[in-house]
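K.L.:
Sharing a structure here in structure tokens format.
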Amino acid sequence: MNMIEKLPELVNGDERLVWRGRFLTVDFLIQVGDDSYLVSIQSGRITSMERGPFYMRPWRFAVRAPAESWEKLWEPVPRPGYTDILGVMKRGEARIEGDLQPLIANLRYIKEILATPRRLKGGR
Amino acid sequence: MSAEIESVVGRYMHLRLGARPCRVYFEEAGKGIPLVCLHTAGSDTRQYRHLMVDPEVTEHYRVLAFDLPWHGKSTPPPGWHEEEYRLTTEAYIEAIMAFCRALDLEKPVVMGCSMGGRIILPLAAQHGKELRAVIGLESAYQVQPWFDNTWLHHPDVHGGEIAAARVSGLIAPQSPEETRWDTLWGYMQSGPGVFKGDLYFYFQRAESEFLNYLAHIDTKVCPVYLLTGEYDYSCTPEDTRQTGARIAGAEITIMKEMGHFPMSENPVAFRRYILPVLEKIRAPQKTG
């Protein structure tokens with residue numbers, strides 16, 4: 001199973017993280033290599049996460065990167081360039097698309113939830 | 001008195017910058033060679049608080065740091081509310097030199113980080129004879145843009161939250177939690193549009209202009225030290241190497257397990273890199 005599939009329990013089990021996303025209700029897409037996941041957030045809590053493929057399903061924004069890039073982001077102590085998704089984007093490996101306002105307005109929260117799989121290997 | 005009181009002293013001076021009156025806040029500690037420290041974009045002098053209370057530094061150096069107008073405790077000049085703040089190379093150099101002259105600093109060392117690391121390049125080119133040395137932390141003559149900075153001053157986004165979230169990944173994972181968040185707290189506090197206005201200078205594409213500055217730096221007159229953290233993905237070690245390669249005699253150090261804010265994100269690790277540089281600068285200068 002892909003580490004990203006643990007996202008709902010990682011996020012919902014962290015009360016402070018949920019609190020930081022309390023003003024965010026949004027559907028967004030995470031793409032890990034060829035696999036895409038539609039994540040529904042309500043007031044900072046992940047209420048559903050579905051694995052694609054999807055047909056005619058809308059989302060506000062998408063974060064896409066090759067599987068190897070996500071794996072580097074999720075190393076317990078990430079190497080230079082992989083400390084956050086923006087770093088992966090600057091390297092030209094991740095793409096962020098769509099309506100960026102909800103992502104930017106909640107950037108700390110989004111960056112933190114995208115990095116939570118690090119905790120599966122003892123990172124933070 | 002039971003509380004610990006630091007030896008850092010803060011005061012205000014009045015300067016005319018851009019033909020306008022400015023009330024400028026500055027701090028200092030120590031005695032000896034003046035060491036003027038320049039904060040990063042969208043932050044303030046508090047970034048140097050650890051350096052200022054380091055006895056191994058203040059024993060030999062008079063460490064000074066000032067908040068640029070619009071930053072920290074320095075208010076923007078009158079009329080600011082009708083304009084968009086944008087830092088320029090000229091305005092930045094004017095502020096640094098006006099500060100040094102106002103205090104009659106004799107051949108100060110100027111150390112800057114990030115945008116402060118970029119400005120020391122034209123500063124060394126234009127005023128090298130008046131300086132003892134320059135130190136550029138996270139310094140490059142040109143860095144590549146990677147973020148739409150329009151969001152930094154936008155009614156749909158909280159300015160303080162976005163400033164911190166934009167830079168938090170530039171801090172090394174090894175940096176302690178306390179100093180990491182202390183660094184980010186500084187970012188959360190800058191006024192609307194100030195970080196964006198600083199980045200106007202930092203990312204401004206002026207390659208031919210800056211290459212010309214690099215060609216005019218004489219490191220025999222004004223030695224140049226460039227130190228960059230391996231985790232800095234905004235000003236990368238490669239950006240610094242390319243800059244250093246164009247300055248004959250520049251000394252480059254890549255700092256392990258360090259990010260974009262060395263003096264502030266991990267002051268303990270930073271001393272290991274900066275103390276040898278400061279020792280070298282204060283050693284009697286060789287002649288011939």
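The values are calculated or read from the model by the stated rules, or taken from the named source; none is laboratory data. These numbers come from a predicted model, not from an experiment. All Cβ positions, glycine included, derive from the backbone under ideal geometry; neighbour counts span all protein chains shown.
K.L.:
Within the stretch B:213-255, which residues are assigned to a strand (DSSP E or B) and surrounded by fewer than 23 Cβ atoms within 10 Å (Cβ to Cβ)?
P.N.:
Matches in the stretch B:213-255: B:E251, B:I252, B:T253, B:I254.
K.L.:
Another question, then. With (1) in contact (Cβ under 8 Å) with a residue 24 or more places away in the chain; (2) more than 25 Å from B:Q126 (Cβ to Cβ); (3) in a loop (DSSP other than H, G, I, E, B) as the list, and B:P284 as the residue in question, which single condition is left unmet?
P.N.:
(1)
K.L.:
Residue pairs, Cβ under 6 Å, 6 or more apart or interchain, first in the stretch B:140-152 and at the interface with another protein chain (Cβ under 8 Å from one of its Cβ atoms) and within 10 Å of B:R166 (Cβ to Cβ), second at pLDDT 95 or above and part of a loop (DSSP other than H, G, I, E, B). List them.
P.N.:
B:W151/B:V157
K.L.:
Could you tell me which numbered condition A:I41 fails, if it satisfies all but one of (1) surrounded by 13 or more Cβ atoms within 10 Å (Cβ to Cβ); (2) more than 22 Å from B:V157 (Cβ to Cβ)?
P.N.:
(2)
K.L.:
Looking at the stretch A:1-54 only, could you name the residues that are among the aliphatic types (A, V, I, L, M) and in a strand (DSSP E or B)?
P.N.:
A:V26, A:L29, A:I30, A:V32, A:L38, A:V39, A:I41, A:I46, A:M49
K.L.:
Do you know which of the residues in the stretch B:167-188 that are in contact with a helix residue (DSSP H, G or I) (Cβ under 8 Å, 6 or more places away or on another chain) and charged (D, E, K, R) is nearest to the other protein chains (Cβ to nearest Cβ)?
P.N.:
B:R180
K.L.:
A further question follows. Being among the hydrophobic types (A, V, I, L, M, F, W, C) and under 17 Å from A:L7 (Cβ atoms) is the filter; apply it to the stretch A:70-82 and report the residue that is nearest to the other protein chains (Cβ to nearest Cβ).
P.N.:
Out of the qualifying residues, it is A:L73.
K.L.:
Sort out which residues of the stretch A:76-97 are surrounded by fewer than 19 Cβ atoms within 10 Å (Cβ to Cβ) and acidic (D, E), and write them in order of number.
P.N.:
Matches in the stretch A:76-97: A:E97 only.
K.L.:
Test of understanding: among A:A115, A:A94, A:A67, which residue is out of contact with any Ser or Thr (no Cβ under 9 Å at 6 or more places or on another chain) and farther than 21 Å from B:V157 by Cα?
P.N.:
A:A67
K.L.:
Which residue pairs have Cβ atoms under 8 Å apart, sit 6 or more places apart or on different chains, and have a first residue in the stretch B:123-134 that is closer than 14 Å to B:L105 by Cα and a second that is part of a helix (DSSP H, G or I)?
P.N.:
B:H127/B:I93; B:H127/B:M97; B:E130/B:M97; B:E130/B:C100; B:L131/B:L123; B:L131/B:A124; B:R132/B:I281; B:A133/B:I281
K.L.:
What number goes with the only condition from (1) in a loop (DSSP other than H, G, I, E, B); (2) more than 8 Å from every other protein chain (Cβ to nearest Cβ); (3) more than 28 Å from B:P122 (Cα to Cα) that B:G191 does not pass?
P.N.:
Against the list (1) in a loop (DSSP other than H, G, I, E, B); (2) more than 8 Å from every other protein chain (Cβ to nearest Cβ); (3) more than 28 Å from B:P122 (Cα to Cα), B:G191 comes up short only on (3).
K.L.:
Give A:R16, A:R60 a once-over and let me know the one that is surrounded by 14 or more Cβ atoms within 10 Å (Cβ to Cβ) and not hydrophobic (A, V, I, L, M, F, W, C).
P.N.:
So the residue among A:R16, A:R60 that is surrounded by 14 or more Cβ atoms within 10 Å (Cβ to Cβ) and not hydrophobic (A, V, I, L, M, F, W, C) is A:R60.
K.L.:
Please state which one of A:P117, A:P53 is in contact (Cβ under 8 Å) with a residue 60 or more places away in the chain and either among the β-branched types (V, I, T) or more than 9 Å from chain B (Cβ to nearest Cβ) (or both).
P.N.:
A:P117
K.L.:
Related question: For the stretch B:1-115, please list each of the helices (runs of 4 or more DSSP H) lying entirely inside it that holds at least 1 residues being within 16 Å of the chain's Cα centre (by Cα).
P.N.:
Helices (runs of 4 or more DSSP H) meeting the threshold: B:49-52, B:89-102.
K.L.:
Restricted to the stretch A:83-106, and to residues that are part of a helix (DSSP H, G or I) and within 11 Å of the chain's Cα centre (by Cα), which residue is nearest to the other protein chains (Cβ to nearest Cβ)?
P.N.:
Of everything passing the filter in the stretch A:83-106, A:I85 is nearest to the other protein chains (Cβ to nearest Cβ).
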